[in-house]
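Worksheet: the structure to be examined is printed underneath.
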Amino acid sequence: MNISMIGTGYVGLVSGVCFAEFGFQVSCVDLNAGLIARLSAGEATIFEPGLDELMTRNIRDGRLSFTTDLAASVAGADVIFIAVGTPSRRGDGEADLQYIEAAADAVAAAMKPGAVIVIKSTVVVGTNARIRDRIRAARPGVEFSMVSNPEFLREGSAIEDFMRPDRVVVGVEDTRGREAMRRVYRPLYLRETPMVMTTLENAEIIKYAANAFLAMKVTFINQVADLCEKAGGNVQEVAHAIGMDKRIGAKFLHAGPGFGGSCFPKDTRAFAATGRRFDAPQTLIEEVVAVNETRKQAMAARIIEAARQSDAASVAVLGVAFKPNTDDIREAPAIDIIAAIQKAGLTVRAHDPEAMVTARAALPGVVWCNSAYEAAEGAGVTALLTEWNAYRALDLKKIAGLMTGNVLIDLRNVYKAEDIEGTGLDYRSVGNSS
Ligand code: NAD
Ligand code: UGA
């Protein structure tokens with residue numbers, strides 16, 4: 001079976017590499033010639049644990065190739081995955097489907113009869129049916145199947161998530177589409193991964209509802225953290241105990257600076273916009289979007305206030321990626337927080353183990369440092385924004401000695417009070433009154 005994967009970003013590249021690892025012949029396509037040149041040379045263009053090794057092996061064994069020639073890739077494919085971006089549209093928060101439409105038009109022109117076209121990108125309800133009709137109109141009389149196959153992988157653990165998902169969701173309309181999906185996911189099926197076969201519309205709504213629910217869970221615990229701080233509680237103890245109830249579950253209950261990333265922010269906005277468009281208001285999610293925006297500013301204000309109190313001219317920021325184990329900074333809380341700190345007239349000295357290359361252009365004026373220690377030099381306040389493992393065992397005494405002030409604001413609750421004893425730091429975590 002030949003697979004064409006259109007779009008080689010986080011989802012397309014990881015999916016393409018993993019399908020090749022399953023033994024399929026995979027041709028990955030991207031418009032970006034620079035990206036394709038690097039990938040063809042065996043260079044992973046994103047930081048994702050385990051990706052390099054799988055890429056190298058599958059290129060070597062001739063199962064994985066990269067091209068800018070979409071028509072050739074699609075013409076030879078039995079199954080065509082579309083994994084291009086669906087960013088927020090400016091103004092109304094709706095998902096911008098222009099990349100999906102352009103990719104679908106190119107696929108329509110080149111596909112062979114009987115092709116199975118799978119949208120893997122996150123698309124709002126109704127999109128698969130609309131794209132199916134668009135392709136049908138472009139190639140009247142040519143048979144093909146439309147499939148919706150949303151992806152649930154997380155950055156930073158993308159390979160593991162793709163290989164061992166909780167479930168695979170497939171929206172199908174016909175037997176050919178169903179059988180093709182059973183074949184491409186057979187290796188997971190053999191591992192007893194549940195496969196949810198449903199309609200196109202359900203598959204689309206499932207993806208948004210899942211992300212919206214998880215974003216809501218994070219936002220909920222962030223607000224509980226505020227209450228804990230003011231009323232004498234500890235959010236970690238609260239989260240731990242409520243998470244023991246299986247109906248609630250322990251995951252996504254870590255309080256922090258607000259959710260970020262390439263998906264939760266845009267997908268919550270799009271879900272809310274879809275609700276408005278269908279006159280089925282998603283008021284909970286509207287509120288989640290608003291609360292999350294406010295939270296990032298509140299976290300910035302906390303850092304600025306501490307800097308003012310310690311008469312500091314600079315703040316050290318540890319971590320700019322939206323989460324650990326990725327170099328992705330799209331809608332990272334650090335972006336808004338750093339901008340607010342700079343606006344307050346303070347210098348930001350920042351470090352991140354992997355994201356500094358991508359962050360440079362997005363964050364002008366930041367002094368980029370080679371280590372957490374270099375960032376702390378001369379800073380009045382050190383703020384830990386991303387819970388990279390490299391920040392879990394810092395020599396805090398050394399950090400305190402390098403700073404002019406002594407405040408450590410740990411927005412990820414990496415440290416415990418006992419870690420701070422004897423360091424001379426004034427430690428402030430999230431959701432902890434003591
Ligand atoms: P991305 O922006 O990293 O990559 C998209 C790629 O598609 C780019 O390299 C771009 O050049 C390419 N592209 C755009 N139009 C094209 C065309 N017509 N032909 C060929 N290539 C084209 O995007 P991503 O983060 O991989 O996300 C892709 C989709 O998957 C989105 O809908 C997203 O919501 C969804 N998703 C992302 C994640 C994640 O962790 N990033 C997880 C699950 C789902
Ligand atoms: C998320 C979902 O977890 C994936 O299932 C989904 O496929 C993906 O979005 C997508 O659709 O793109 P991802 O954005 O990679 O994956 O990362 P998450 O681990 O979900 O974290 C998202 C944000 O929430 C991060 O900023 C993270 O720091 C924050 N978060 C998460 C918390 O603040 N607390 C938590 O307990 C969990």
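Bear in mind these aren't lab numbers, they're just calculated from the coordinates by the rules spelled out. Only a predicted model underlies this, so the values are computations on that prediction, with no experimental measurement involved. Every residue, glycine as well, gets a Cβ built from its backbone with ideal geometry; the counts of neighbours run over all protein chains shown.
Under 18 Å between alpha carbons, and skipping anything fewer than 8 positions from Lys323 in its own chain: which lysines qualify?
Straight-distance partners of Lys323: Lys217, Lys251, Lys266, Lys296.
Using the C-alpha atoms of the range 36-190, what convex hull volume per residue, in cubic angstrom, is computed?
137
What angle, in degrees between 0 and 90 and rounded to the nearest 10, separates the Cα long axis of helix 98-110 from the longest principal axis of the Cα atoms of the chain?
The two axes meet at around 30 degrees.
Under 5 Å between amide H atoms, partner at least 5 residues away or on a different chain: which partners does Val407 have, H built in plane at 1.01 Å?
Here Thr382, Asp426 satisfy the definition.
At 25 °C and 0.890 mPa s, grab the translational diffusion coefficient of the chain from Stokes-Einstein with a Kirkwood Rh over Cα pairs, rounded to a whole number in µm² per second.
106
DSSP beta bridges in the chain, what fraction antiparallel, as a percent rounded to 5?
Looking only at bridges with both residues in the chain, the antiparallel portion is about 10 percent.
For the range 133-245, just the Cα set please: Rg and Dmax, both in angstrom.
20.0, 68
Would you kindly derive the ³J(HN,Hα) couplings of the range 238-253 from the backbone phi angles with the Karplus curve 6.51 cos²θ - 1.76 cosθ + 1.60 (θ = phi - 60°), listing them in order in whole Hz, with x for Gly and Pro?
For the range 238-253, the Karplus-derived couplings read 5, 4, 4, 6, 6, x, 5, 6, 4, 5, 9, x, 7, 7, 6, 10 Hz, x marking Gly and Pro.
Asp327's amide H: which non-local residues (gap 5+, or another chain) put their own amide H closer than 5 Å, with H modeled 1.01 Å from N in plane and none for Pro or chain starts?
Long-range HN contacts for Asp327: Phe47.
At 222 nm, what helix-only mean residue ellipticity would the chain give, in deg cm²/dmol to the nearest 500, using -39500 (n - 2.57) for each DSSP H run of four or more?
That calculation yields -14000 deg cm²/dmol at 222 nm.
For every other residue with a beta carbon closer than 15 angstrom to the beta carbon of Tyr415, add +1 if it is Lys or Arg and -1 if Asp or Glu, then tell me the sum.
-1
State, to one decimal in nm, how far the label point of Asp133 lies from the label point of Ile248, with both points 7 Å from Cα in the Cβ direction.
Distance between label points: 4.5 nm.
Which residues' amide hydrogens lie under 5 Å from the amide hydrogen of Thr198, considering only partners 5 or more residues apart or on another chain, with H built in the peptide plane?
Residues meeting the criterion, in which the H sits 1.01 Å from N, are Val170, Gly171, Val172.
Under a no-solvent Debye model with one identical scatterer per Cα of the range 196-286, what's log10 I(q)/I(0) at q = 0.15, 0.22 Å⁻¹?
Evaluating at q = 0.15, 0.22 Å⁻¹ gives log10 I(q)/I(0) of -0.67, -1.09.
Apply the Karplus parameterisation 6.51 cos²θ - 1.76 cosθ + 1.60, with θ equal to phi minus 60°, to every residue of the range 166-171 and state each ³J(HN,Hα) to the nearest whole Hz, in sequence, with x for glycine and proline.
Running phi through 6.51 cos²θ - 1.76 cosθ + 1.60 with θ = phi - 60° gives 5, 6, 10, 10, 10, x Hz.
Considering only C-alpha atoms, what is the centroid distance from the range 326-375 to the range 88-107, in Å?
Centre-to-centre distance over Cα atoms comes out at 30 Å.
What is the distance in Å between the Cα centres of the range 147-207 and the range 380-434?
Computed from Cα coordinates, the inter-centre distance equals 42 Å.
Under 14 Å from a point placed 7 Å out from the Cα of Asn202 along the Cα-to-Cβ direction: which residues of the range 151-170 have their backbone N that close?
168-170
Any chance you could run the full-extension gain for Gln297 through Ser434? It's 0.36 nm times the residue separation minus the Cα-Cα distance, nm to one decimal.
47.0 nm is the gain from fully extending Gln297 to Ser434.
Which angle from 0 to 90°, rounded to the nearest 10, does the C-alpha axis of helix 283-309 make with the longest principal axis of the chain?
Tilt of helix 283-309: around 30 degrees.
Calculate, in nm to one decimal, what Leu190 and Ala362 gain on full extension: separation in residues at 0.36 nm each, minus their alpha carbon distance.
That pair, Leu190 and Ala362, stretches by 57.5 nm at full extension.
So what J values fall out for the range 13-19 if you push phi through Karplus, 6.51 cos²θ - 1.76 cosθ + 1.60 with θ = phi - 60°, rounded to Hz, Gly and Pro as x?
5, 4, 5, x, 5, 5, 5
Using only Cα atoms and rounding to the nearest 10 degrees, what angle (0 to 90) does helix 127-138 make with the longest principal axis of the chain?
Orientation of helix 127-138: about 40 degrees from the principal axis.
Find the relative contact order for the chain and round it to a whole percent, using C-alpha pairs within less than 8 Å whose residues are 6+ positions apart.
12
Would you work out the relative contact order for the range 357-431, in percent, from Cα pairs under 8 angstrom that are 6 or more residues apart?
Relative contact order for the range 357-431 comes out at 30 percent.
What is the spin-label model distance, in nm, from Asn370 to Asp105 if the labels are put 7 Å beyond Cα along the C-beta direction?
Label at Asn370, label at Asp105, 5.0 nm between them.
I'd like to know which of Ile46, Phe19, Trp388 lies farthest towards the positive end of the charge dipole of the chain, counting +1 on Cβ of Lys and Arg and -1 on Cβ of Asp and Glu.
The residue sitting most towards the positive pole is Phe19.
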